[in-house]
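One structure is given below, encoded as structure tokens.
The values are calculated or read from the model by the stated rules, or taken from the named source; none is laboratory data. What you see is a predicted model, and the numbers here were worked out from it, not measured in a lab. Cβ placement follows ideal geometry from the backbone for every residue including glycine, while neighbour counts extend to all protein chains displayed.
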């Protein structure tokens with residue numbers, strides 16, 4: 001026969017102590033994926049390099065940045081995502097517990113000047129940008145204000161259209177965050193805030209242990225595109241991020257935070 005020597009009050013104390021030392025995991029599961037800047041079908045805008053194209057050598061144009069050899073070459077050349085990154089957050093409550101996703105914000109760690117002499121290389125193809133419901137952060141104006149644009153039903157995924165919002169327990173929802181800068185480069189992280197069990201939680205989101213990094217090209221200079229395999233880089237006009245298309249911006253959804261309509265800077 002086993003005799004329990006732990007009273008109810010003591011057991012509650014042990015549970016409190018255990019939860020204090022080993023706090024339970026959050027109810028809300030969060031996964032991050034940054035879309036490949038080489039992939040124009042996902043809305044990527046290529047890379048900005050500190051070198052001219054003549055100094056870059058041969059790149060594996062047919063492979064994306066996730067290819068190990070291409071990734072090493074990009075890192076060796078100091079490549080930085082051009083003007084913006086697209087961060088896809090997949091959120092899923094793990095329990096039958098109400099969860100309210102309150103906000104997402106950008107934490108600017110460093111502001112950088114554009115590379116004065118360099119090149120912005122961008123793949124082009126038959127696909128355009130991402131027509132998803134997208135939370136845009138114009139870091140040149142404010143790292144806290146955002147505008148929401150796009151289609152809330154692309155690909156059948158449930159997407160956040162505004163915040164705060166409550167994802168359905170057991171179901172996944174996508175939150176697309178696009179911080180961008182057309183005047184300066186930025187190192188930054190994201191912070192996601194939500195409420196569960198009447199407790200406010202936050203999670204800082206980075207790029208696999210490093211801040212996200214974006215860099216614009218000098219307006220009016222050094223913008224190159226590449227299309228079909230075997231084609232050479234061609235110097236063209238400035239890039240125009242797909243999300244600044246006036247058709248997409250014709251009826252933006254206002255954000256919970258005050259925001260201004262994003263517009264390209266004057267040259």
Worksheet, complete the sentence: For region 71-91, the count of residues that are over 12 Å from the mean Cα position of the chain (by Cα), within 13 Å of residue 34 (Cβ to Cβ) and part of a loop (DSSP other than H, G, I, E, B) equals 0
Worksheet item: Hey, does region 194-216 have a residue that's under 24 Å from residue 112 (Cβ atoms) and at pLDDT below 90?
Response: yes
Worksheet item: Identify, please: which residue in region 70-80 is surrounded by 10 or more Cβ atoms within 10 Å (Cβ to Cβ) and over 19 Å from residue 124 (Cα atoms) and is, among those, modelled with the highest pLDDT?
Response: 78
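Looking at the structure I just gave you, is residue 48 over 27 Å from residue 97 (Cα atoms), touching a strand residue (DSSP E or B) at 6+ places or on another chain (Cβ under 8 Å) and either in a strand (DSSP E or B) or modelled with pLDDT of 55 or more (or both)?
Details: over 27 Å from residue 97 (Cα atoms): yes; touching a strand residue (DSSP E or B) at 6+ places or on another chain (Cβ under 8 Å): yes; either in a strand (DSSP E or B) or modelled with pLDDT of 55 or more (or both): yes.
Yes, satisfied.
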Worksheet item: How many of the residues making up region 175-206 are within 17 Å of the chain's Cα centre (by Cα) and buried (at least 20 other Cβ atoms within 10 Å of the Cβ)?
Response: 13
